[in-house]
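Below is one structure, written out as structure tokens, with a few remarks after it.
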Amino acid sequence: MKATAVGMPLAALVAALLVAGCGGPASEHAHHPPAPSGQSAVSPPPAVSPASPASTPSGAFNGTDVGWMQLMIPMDEQLLSMLEMAPKRTSNPKVIRLAKLFAADHRAELLKLRALMDRSGAPKTNVHEGHDMPGMVTADDLRVIDQTKGAAFDGLFAKNMREHLEQGVLLSRGEQGAGADQATRELAGSIEKVRAAQLDRLYG
């Protein structure tokens, strides 16, 4: 179960991006319909400390830029693993259609994130591997999802997509406010808009 909390202002998210370790403070919600009963709210995870040698950027990049990319890349990669299961785990045409659409968007996004990471000179290792963070579809989550079919899969698909998309909005807002590299901040702005549109499709 991912740790969750609510109520902190957006400034807490920016601070969270600069804190070492996992399981940090929470931030405000994205402005979308409330989660269905029984589902927890989404809180922002922290990223790797900018003082850490493993995340020291080069050139125009600061610790927030690198920390944001180090979160977004594994979040997208893990989500793609779930999206690719959809055609075999459900016959719901809406879920299959959304999974295909979201997968294409996230693959295109990953190409841009990886290009920026290459330019930053930061290590490409997944510093969050094995960490249980809000918005991340974990290996344990994937094992459970892969054992479901039909309506059960559809429910887990909706839950994990909502958490991933809302978390992406919050993290991207934080990058725009505290990042240094212009191209990275611009990508964060684009991703925030795409995530908002994807949430609309998910709830539509």
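The values are calculated or read from the model by the stated rules, or taken from the named source; none is laboratory data. Quantities reported herein were computed from a predicted structural model and do not represent experimental measurements. Heads up, the Cβs are rebuilt from the backbone with ideal geometry, glycines too, and the neighbour counts pull from every protein chain shown. These area figures cover heavy atoms from the full protein model, side chains too; ligands, DNA and RNA do not enter into them. Shrake-Rupley method; radii C 1.70, N 1.55, O 1.52, S 1.80 Å.
So, K88, is that one open to solvent by 50 Å² or more (accessible area, probe 1.4 Å) and at pLDDT 95 or above or not?
yes
When you check G59 against the structure, is it farther than 23 Å from V194 by Cα, surrounded by fewer than 20 Cβ atoms within 10 Å (Cβ to Cβ) and modelled with pLDDT under 50, yes or no?
no
Out of E192, E186, which single residue is modelled with pLDDT of 95 or more, in contact with a helix residue (DSSP H, G or I) (Cβ under 7 Å, 6 or more places away or on another chain) and among the acidic types (D, E)?
It is E192.
Which numbered condition trips up T184, out of (1) surrounded by fewer than 16 Cβ atoms within 10 Å (Cβ to Cβ); (2) of a type in the set (V, I, T); (3) part of a helix (DSSP H, G or I)?
Only one criterion in (1) surrounded by fewer than 16 Cβ atoms within 10 Å (Cβ to Cβ); (2) of a type in the set (V, I, T); (3) part of a helix (DSSP H, G or I) is unmet by T184, namely (1).
Would you mind finding the one in V144, V95 that is without any contact (Cβ under 8 Å) to a residue 24 or more places away in the chain and either β-branched (V, I, T) or open to solvent by 10 Å² or more (accessible area, probe 1.4 Å) (or both)?
Exactly one residue qualifies, and that residue is V144.
From K159, K112, grab the single residue that is out of contact with any helix residue (DSSP H, G or I) (no Cβ under 8 Å at 6 or more places or on another chain) and surrounded by 14 or more Cβ atoms within 10 Å (Cβ to Cβ).
K159
Name the residue that is least open to solvent (accessible area, probe 1.4 Å), counting only residues in segment 117-132 that are at pLDDT 80 or above and part of a loop (DSSP other than H, G, I, E, B).
A122
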